[in-house]
Amino acid sequence: MYGHVQPLIKYQNNDYFDTLYQETRTLLFNLLDSPVKYTQHIGGTRHFNYDTEPILDILIGVDNLHDITALDEKRLNYAGFYRLHHSYKKKVMMAKFNNLKDLKQEVRLHIIQLDTPLFEQYQKVDDILSHHQDIANQFATKKGQLLQHIDSIRQYENQKQSIFEKIYKQYSHQG
């Protein structure tokens, strides 16, 4: 897998990411016996309130994480999605790559059980960063600081998750 953080992109026409989201959403719901109950385009490519990696992030809601069976993974593999084997807490991560040589992520699926605190956190933080430009600017500054000190995508994503958790704790009362 491409081990570095991809260069950030600034605002651009969202049509590409909107279309990619709609195509991916349709694919996910049309899988035979799909456990997918909910999808939401999340992150910087949805609103471009801050510079972001050129990756479509999708929040996927399932009734139970155990519903993501080997068969579902195989179906997603055929569609070009592969499971990311990191130590994720209470979620399954899958990604679609630009090709099988460079392995740059183009789409990430954040698969989380519906009606859980983590699912709520994802939705709330996305809402906050979408509708509160001052908080989005603070997030952008922290991301920029991370990029000055971290080059590994794994470290970067772990640190970014910590920032999301702090935003949730500090601002979750806002809407």
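The values are calculated or read from the model by the stated rules, or taken from the named source; none is laboratory data. Please read all numbers here as calculations on a predicted model, not as lab measurements. For neighbour counting, all protein chains shown are included, and Cβ atoms are generated from backbone atoms with ideal geometry for every residue, glycine included. The protein model used for the area step is the full one, side chains on, heavy atoms only, and it has no ligands, DNA or RNA in it. Shrake-Rupley method; radii C 1.70, N 1.55, O 1.52, S 1.80 Å.
Within segment 137-175, how many residues are without any contact (Cβ under 8 Å) to a residue 40 or more places away in the chain and of a type in the set (Ser, Thr, Tyr)? Looking only at that region, the number is 2. If the Cβ limit is 6 Å and pairs must be 6+ apart or interchain, which residue in segment 28-53 that is at positive phi pairs with which residue that is assigned to a strand (DSSP E or B) and at pLDDT 95 or above? Listed pairs, sorted by first residue: Gly43/Asp57.
Restrict the check to segment 69-83 and report whether at least one residue is closer than 27 Å to Gln138 by Cβ, touching a residue at least 12 places away in the same chain (Cβ under 8 Å) and in contact with a strand residue (DSSP E or B) (Cβ under 7 Å, 6 or more places away or on another chain). Checked against the condition, which is being closer than 27 Å to Gln138 by Cβ, touching a residue at least 12 places away in the same chain (Cβ under 8 Å) and in contact with a strand residue (DSSP E or B) (Cβ under 7 Å, 6 or more places away or on another chain), segment 69-83 yields no hits at all.
Filtering segment 92-109 to residues that are under 11 Å from the mean Cα position of the chain (by Cα) and open to solvent by 20 Å² or more (accessible area, probe 1.4 Å) leaves only Glu106.
Mind checking which residues of segment 68-91 are over 21 Å from Asn158 (Cβ atoms) and either open to solvent by 50 Å² or more (accessible area, probe 1.4 Å) or in contact with a Leu (Cβ under 8 Å, 6 or more places away or on another chain) (or both)? Once the filter is applied, which keeps residues that are over 21 Å from Asn158 (Cβ atoms) and either open to solvent by 50 Å² or more (accessible area, probe 1.4 Å) or in contact with a Leu (Cβ under 8 Å, 6 or more places away or on another chain) (or both), segment 68-91 yields Thr69, Ala70, Leu71, Asp72, Lys74, Arg75, Leu76, Tyr78, Ala79, Phe81.
Is it true that some residue in segment 2-10 is of a type in the set (Phe, Trp, Tyr), surrounded by fewer than 18 Cβ atoms within 10 Å (Cβ to Cβ), touching a residue at least 12 places away in the same chain (Cβ under 8 Å) and over 24 Å from Lys124 (Cα atoms)? Scanning segment 2-10 turns up at least one residue that is of a type in the set (Phe, Trp, Tyr), surrounded by fewer than 18 Cβ atoms within 10 Å (Cβ to Cβ), touching a residue at least 12 places away in the same chain (Cβ under 8 Å) and over 24 Å from Lys124 (Cα atoms).
Could you list all residues from segment 30-50 that are of a type in the set (S, T, N, Q), open to solvent by less than 20 Å² (accessible area, probe 1.4 Å) and over 12 Å from Ile112 (Cα atoms)? Reasoning before the result, please.
Within segment 30-50, the subset of a type in the set (S, T, N, Q) is 30, 34, 39-40, 45, 49.
Those still in the list that are open to solvent by less than 20 Å² (accessible area, probe 1.4 Å) too: 39, 45.
Of everything in segment 30-50, just one residue is of a type in the set (S, T, N, Q), open to solvent by less than 20 Å² (accessible area, probe 1.4 Å) and over 12 Å from Ile112 (Cα atoms), namely Thr45.
For segment 142-156, the condition of being open to solvent by 30 Å² or more (accessible area, probe 1.4 Å) and within 14 Å of the chain's Cα centre (by Cα) holds for at least one residue.
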